[in-house]
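*Asks:* One structure, pasted below without further comment.
All of the numbers you see were taken from the coordinates with simple rules; none came from a lab. Only a predicted model underlies this, so the values are computations on that prediction, with no experimental measurement involved. Using ideal geometry, Cβ is built from the backbone for each residue, glycine included, and neighbour counts are taken over all protein chains shown.
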Amino acid sequence: MPRPSRRGFTLIELLVVIAIIAVLIALLLPAVQSAREAARRAQCSNNLKQIGIAFHNYLDVHNGFPATAVTLARNAASPNTQMQGGWCVQILPFIEQPAVSGAYNFNVGWYVLANQTAVRTVVPTYICPSSPRSMNPINYVPRYSGTAATPDPTIYAAAGDYFTARSFVDPWYPTNQQVEHIGVLDQTTFTPLSAVSDGLSNTLLAYECAGKPDYYERRRFVHGFPTPSSPNVIDRQWFHGPWASYMNMRITSSTGGQYEYDGPCVINCHNGWNGAYSFHPGGIDVLSCDGSVRFLKESTAKSVIRSYVSRAGGEIMDASQW
Amino acid sequence: MVSRYGIRAGLVAAALASAGCGEPGPPKVALHPASGKVIVDGQPTAGVLVRLRPAADPDALDALVPFGKTGEDGGYTLGTYEAGDGAPTGRYKVTLFWPDRPPGPSLAEDLLGGAYAQGRSTPLEATIAEGDNVIPTFEATKAAPRPKKKSAARKGRPDDPDGLE
């Protein structure tokens, strides 16, 4: 009795189908990942946009952009410990965080126990979603005694990823020969718009240095926090990166990481002191003084970055340079 | 045979997938290996930053500036795009800067007193040619320690909240 012929798939055919499916998945997965990163970047630039609107609402009320930090009358014996709250604290009422703002006491520093309720609050507007760091507040905030500081494991602060540029410094000359191209915010007083003589759309207001306090160099995780053996104080104490702190840095170049001086790399080199760093491929999000947000490519020339950072340098900026 | 075509199609798809990735960076110039040595007061000195600035325009911000950092034996190797990858040919003014601390909240003092720190005023020069380069040894003198000012000055300007350390 002849068997009914049942033609099925051969092993080779099955393997080929599986291989084709594997190739298709391999094509699709990077696309999905980059779509997710694109969504995170959209949210990140939206955060900067919100910060820009908040700065302008602050400007309407106070007739000037905020100082990078509120400072009280200085005690001559401890000139550096009177810093009470950075610009992120001052614009809180304008990013719909009046409760956090109300909980903050400007008469004492952000690092003291009395301000823990506010400082431990995670403010999503200050965090770039591409940053791999956990959202939880981080401890080892320094406790000051005069100018001496010891990291305190019982004091926590939530992180922020956005900084203002105090200046652009490059090349890095010795102290007595230093040339700084001053950024928009003043460290102690309001900045009126008239001080930004290079033009609001040609001057940097805020930029990303994401992922602190974990330390990265060119997409590579180097070490976590705290790292007591590090020569850099920000790897031992959590005071440069909590959103309530002064979130203000010089921008400079590097030959590599945060321990190196001027070199070919400015953007996305490292996220240590003086870094400009994001987890977006190819560059960082930046906020101009006019409230617009744009993408600053890694390949942007130093002279363009310097013109962009300086608020009254008188440089000519050409749109084709971006 | 269908399966043979299937395999080929798969290979073509994989080849297409791997091609076309990566954005070309700015064009890079040819580099040539270069190294040298820095001696301060007769001693090999670690941590001196060596920068080669173009002799024609030492202050050009966007110029390629070959860089190096001396090791324990006073020797350094120049890099331009990455550490140690070499230097483009040309004539250079050489600046030396020996910072007393890594970059951070406070600005560094130059242990050489700033005498060799600027391209316009440095007395040192070097030329990079094709092939392997050994730059003649640079001899520098250490600056007399500057008189210590008040503690506020050491920490930066008195109105400098960022001078926190």
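*Asks:* Give the Rg (one decimal place) followed by the Dmax (whole number) of segment A:149-195, computed from C-alpha coordinates and expressed in Å.
*Replies:* Every Cα atom of segment A:149-195 included, Rg and Dmax give 16.0, 44 Å.
*Asks:* Let me ask you something else. State the dimensionless ratio Rg/Rh of segment A:123-243 (Rg: radius of gyration of Cα atoms; Rh: Kirkwood radius).
*Replies:* That ratio is 1.00, to two decimals.
*Asks:* Using only alpha carbon positions, build the gyration tensor of segment A:42-321, then give the equivalent ellipsoid semi-axes as the square roots of 5 times its eigenvalues, largest first, whole angstrom.
*Replies:* With the √(5λ) rule applied to segment A:42-321, the semi-axes are 26, 22, 19 Å.
*Asks:* Can I ask one more? Kindly flag which residue pairs out of A:Lys49/B:Lys69; A:Lys212/A:Lys297; A:Lys302/B:Lys69; A:Lys302/B:Lys37 have an alpha-carbon separation exceeding 31 Å in this structure.
*Replies:* Details: A:Lys49/B:Lys69 41 Å; A:Lys212/A:Lys297 21 Å; A:Lys302/B:Lys69 22 Å; A:Lys302/B:Lys37 29 Å.
From A:Lys49/B:Lys69; A:Lys212/A:Lys297; A:Lys302/B:Lys69; A:Lys302/B:Lys37, over 31 Å: A:Lys49/B:Lys69.
*Asks:* Separate question: Rg and Dmax of the protein assembly as shown over Cα atoms: what are they, in angstrom?
*Replies:* 26.6, 112
*Asks:* Extension gain A:Ile20-A:Ser201, at 0.36 nm per residue separation less the Cα-Cα distance, in nm?
*Replies:* On the way: separation 181, 0.36 × 181 = 65.16 nm, distance 5.00 nm.
Answer, rounded to one decimal: 60.2 nm.
*Asks:* Which residues does a label at A:Glu315 reach in segment A:182-208, if reach means a backbone N under 18 Å from a point 7 Å past the Cα toward the Cβ?
*Replies:* A:182-185, A:196-208
*Asks:* Continuing with this model, one more query. Using alpha-carbon positions, what is the distance between the centroids of segment A:236-280 and segment B:110-138, in Å?
*Replies:* Taking the Cα centre of each part, segment A:236-280 and segment B:110-138 sit 28 Å apart.
*Asks:* Ok, one more. So what's segment B:29-145 giving for Rg/Rh, alpha carbon basis, Kirkwood Rh from the mean inverse pair distance?
*Replies:* Expressed as Rg/Rh, it is 0.95.
*Asks:* In degrees from 0 to 90, rounded to the nearest 10, what is the angle of the helix A:11-62 Cα long axis to the longest principal axis of chain A?
*Replies:* The two axes meet at around 20 degrees.
*Asks:* I want the antiparallel fraction of DSSP beta bridges within segment B:21-149, as a percent rounded to 5.
*Replies:* On the way: 21 of 26 bridges.
So the antiparallel bridges in segment B:21-149 amount to around 80 percent.
*Asks:* Let me ask something else about it. Dimensions of segment A:177-322 along principal axes (Cα, Å, largest first)?
*Replies:* For segment A:177-322, the Cα extents along the three principal axes come out at 45, 34, 33 Å.
*Asks:* Please work through chain A and write down the cysteines that have no neighbouring cysteine Cβ at a distance under 4.7 Å.
*Replies:* Those would be A:Cys88, A:Cys209, A:Cys289, since no other cysteine Cβ in chain A comes under 4.7 Å of theirs.
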